[in-house]
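A quick write-up on the structure given underneath.
The values are calculated or read from the model by the stated rules, or taken from the named source; none is laboratory data. Just so you know, these numbers come straight off a predicted model, no measurement behind them. Note that each Cβ is placed from the backbone with ideal geometry, even for glycine, and that neighbours are counted across all protein chains shown.
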Amino acid sequence: MTHPFSLSGSTALVTGSASGLGFEIAAALAQAGAHVLVNGRDAARLAAAVTAIIRRGGHAEPLLLDVCDAAAVTRTVAGLGPVHILVNNAGARDRRGFLDMAQDDFRRLVEVDLMAPAHLTRELARGMVARGSGRIINIASIAGPLARAGDAAYTTAKGGLVALTRALAADLGPHGITVNAIAPGYFLTEPNAEFVRDQAVGEWLSRRTALGRWGRPEEIAGAAVFLASPAASYVTGHVLAVDGGYLAHF
């Protein structure tokens, strides 16, 4: 294996990749040699993300698509060429307690964080099965194995995504497709801005994680490149925590 982390010749689709962790994953896959489809719902943000990746020396193009629109996903996939790597990163969060959420709100979050990745994976996996190879990476969360008050819907959805990862690893493995997940911990991203500004949260995190700090968005990238690459050809059904030691530390 001369270049175990090279993604040259492959096409990768990263959902929700116009900013945050998704952008860093897309940029890293592009730098490793993949042609990346940068996905989102805002054309201007997509254009800026693609330009940034190209300036870094990668190859990318925008894919304007709401991954929660099942009919649009089916139509779009039918018009795409081969996609060798799928990263299900797009998601949503609603930090309300279980009793404070209406059933429709709970259902909507599960649709975004679990059902949408399942549908997109099903559509793209058909081509992977035909080619006898593929890489699927689900962006889960440390909220999959752990729970906290005020996060019931998100924890439910991410726990389901972890279970889906295992199930698809079993279903698709005989076709040469690996299915893994990454479980991020606490990262310096836009959705966490409120907590980043809270000194008490920062002090708690410094005690709670083995590395004693927030993760930087670019620190998610190496895990994604590894799982997408030939170096991980015998890794499937695995959840790789990128959490500064949060799950290992108490």
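What pairs can you find where one residue is in the stretch 67-88 and more than 26 Å from Leu109 (Cα to Cα), the other is assigned to a loop (DSSP other than H, G, I, E, B), and their Cβ atoms are less than 8 Å apart, with a gap of 6+ or different chains?
His84/Ser10; His84/Ala34; His84/Ser133
Assuming Gly91 fulfils every condition listed in (1) outside any helix (DSSP H, G or I); (2) modelled with pLDDT of 95 or more; (3) crowded, with 20+ Cβ neighbours inside 10 Å apart from one, which condition is it?
(2)
For the stretch 199-221: of the residues being surrounded by fewer than 14 Cβ atoms within 10 Å (Cβ to Cβ) and of a type in the set (A, V, I, L, M, F, W, C), which is farthest from Tyr246 (Cα to Cα)? Walk me through how you get there before you give the answer.
Step one: list which residues in the stretch 199-221 are surrounded by fewer than 14 Cβ atoms within 10 Å (Cβ to Cβ), which gives 199-200, 203-204, 206-207, 210, 212-213, 216.
Still in the list and also of a type in the set (A, V, I, L, M, F, W, C): 200, 204, 210.
On the way: Ala200: 17, Trp204: 12, Ala210: 6 Å.
Only one residue fits best here, namely Ala200.
Counting only residues that are assigned to a loop (DSSP other than H, G, I, E, B) and in contact (Cβ under 8 Å) with a residue 40 or more places away in the chain, how many does the stretch 204-222 have?
1
What number goes with the only condition from (1) over 19 Å from Gly237 (Cα atoms); (2) not in a helix (DSSP H, G or I) that Asp105 does not pass?
Asp105 satisfies all of (1) over 19 Å from Gly237 (Cα atoms); (2) not in a helix (DSSP H, G or I) except (2).
Name every residue in the stretch 43-79 that is touching a helix residue (DSSP H, G or I) at 6+ places or on another chain (Cβ under 8 Å), at negative phi and not in a helix (DSSP H, G or I), in order of residue number.
Arg56, Gly58, His59, Ala60, Glu61, Pro62, Leu63, Leu64, Leu65, Asp66, Val67, Cys68
Here's a check for you: in the stretch 1-27, which residue that is crowded, with 24+ Cβ neighbours inside 10 Å and over 20 Å from Asn192 (Cβ atoms) is nearest to the chain's Cα centre (by Cα)?
Leu13
From the list Val239, Val225, Val179, Val196, which one is β-branched (Val, Ile, Thr), touching a residue at least 12 places away in the same chain (Cβ under 8 Å), over 21 Å from Asp94 (Cα atoms) and surrounded by fewer than 20 Cβ atoms within 10 Å (Cβ to Cβ)?
On the way: Val225 fails: surrounded by fewer than 20 Cβ atoms within 10 Å (Cβ to Cβ); Val179 fails: surrounded by fewer than 20 Cβ atoms within 10 Å (Cβ to Cβ); Val196 fails: over 21 Å from Asp94 (Cα atoms).
Within the list Val239, Val225, Val179, Val196, the selection yields Val239.
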